Amino acid sequence: MASTAHRPSSSAISGLLLKVTPARVPRDLLIRQRLSYDAPDFRDRPAIIAQAPAGFGKTSVLAQWRREHLARGTVVAWLSAQEDDDTQRFVRGLALAVRVASGRPNFGHTLLEGAVPAGLEAVTVWLDDVAQSALDIVLIIDEADRLPPDSREALTYLIHNAPSNLRIIVAARPECDLGVADLVPYGHCAILGAVSLRFELEETIALARSRLNGRIDA
């Protein structure tokens with residue numbers, strides 16, 4: 001039997017605040033120019049999936065892209081996925097992420113203060129709110145591999161049905177199948193894999209110099 005809609009409590013909403021707080025990164029975050037969001041491989045792609053094992057710098061690249069979009073005045077919503085994110089909690093997190101990022105206290109009112117629909121209907125409500133917001137929104141979801149199966153399905157549905165004013169960036173480990181292979185050949189999605197994320201020699205030297213205040217040579 002399908003789950004029914006339910007109304008979230010204020011304590012449940014406050015429990016989502018940490019999820020929508022962007023990951024903390026070093027002040028001297030190395031800007032990797034070849035991985036800029038304006039690079040040909042990523043420019044104008046509605047969705048980008050950064051997919052690699054732990055330790056390849058996925059979150060750092062997400063943080064770089066967040067800074068680039070904020071510099072343009074784009075609304076950048078951040079969501080860190082968790083194992084207990086069932087579909088309704090996942091969608092409430094999405095609504096709160098955009099509300100916080102945009103500074104619009106009424107965004108996602110139905111999902112955050114009203115009765116939350118069940119399953120993919122909740123995702124449809126969120127997508128409709130985004131489409132009607134008249135905002136250019138970039139949604140960043142980190143550690144999507146932690147999502148339970150139903151919420152991964154919801155994320156796949158979200159990526160396939162995103163309105164024109166929404167771009168989606170997702171980081172996940174390689175074993176996480178997000179069902180976007182059909183979008184890649186048409187230029188609707190770009191995959192950033194471990195080979196591209198791996199540091200090149202020049203980047204390694206630049207990182208070492210920045211962390212050691214220049215007290216190192218090649």
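The values are calculated or read from the model by the stated rules, or taken from the named source; none is laboratory data. Note that the coordinates shown come from a computational prediction; the quantities given were computed from them, not determined experimentally. Heads up, the Cβs are rebuilt from the backbone with ideal geometry, glycines too, and the neighbour counts pull from every protein chain shown. Keep in mind that these areas ignore ligands, DNA and RNA; they rest on the heavy atoms of the full protein, side chains included. Shrake-Rupley method; radii C 1.70, N 1.55, O 1.52, S 1.80 Å.
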**Prompt:** Order of 96-103, 115-122, 16-23 by packing, highest average Cβ count within 10 Å first?
**Reply:** 96-103, 115-122, 16-23
**Prompt:** Can you list, largest first and rounded to whole Å, the semi-axes you get for the stretch 99-218 by taking the square root of 5 times each eigenvalue of its Cα gyration tensor?
**Reply:** 35, 19, 14
**Item:** Gaussian network model of the chain, Cα within-10 Å springs - most flexible of Ile141, Ile13, Ile168
**Value:** Ile13
**Prompt:** Taking 0.36 nm per residue of separation and subtracting the Cα-Cα distance, what length does fully extending Thr124 through Asp177 add?
**Reply:** 16.9 nm
**Fill in**
For the stretch 36-105, the percent of accessible surface on carbon and sulfur atoms (probe 1.4 angstrom, ligands and nucleic acids excluded) is 47
**Item:** Cα Rg, Dmax (largest Cα-Cα span) when computed across the stretch 35-156, Å
**Value:** 14.6, 42
**Fill in**
Regression test value, accessible area per residue of the stretch 79-218, probe 1.4 Å, units Å², expected 48
**Request:** Return the FRET efficiency for the residue pair Arg24, Arg104: r is the Cβ-Cβ distance, R0 is 35 Å, and the value is rounded to the nearest 0.05.
**Result:** 0.90
**Request:** Normalise the Debye intensity by I(0) for the stretch 98-141, one equal point scatterer per Cα, no solvent, then take log10 at q = 0.28 Å⁻¹ and round to two decimals.
**Result:** -1.16
**Complete:** Once both label points are put 7 Å beyond Cα along the C-beta direction, the Asp136-Arg209 separation in nm becomes 3.3
**Complete:** Taking every alpha carbon pair in the chain and sorting the distances into 10 angstrom bins from 0 up to the bin holding the longest one, the percent per bin comes out as 8, 34, 35, 17, 6, 1, 0
**Request:** Over the Cα atoms of the stretch 91-170, compute the convex hull volume and normalise it per residue, giving Å³.
**Result:** 85
**Request:** Would you please put 34-45, 64-75 in order of how densely packed they are, using the mean number of other Cβ atoms within 10 angstrom per residue and starting with the highest?
**Result:** 64-75, 34-45
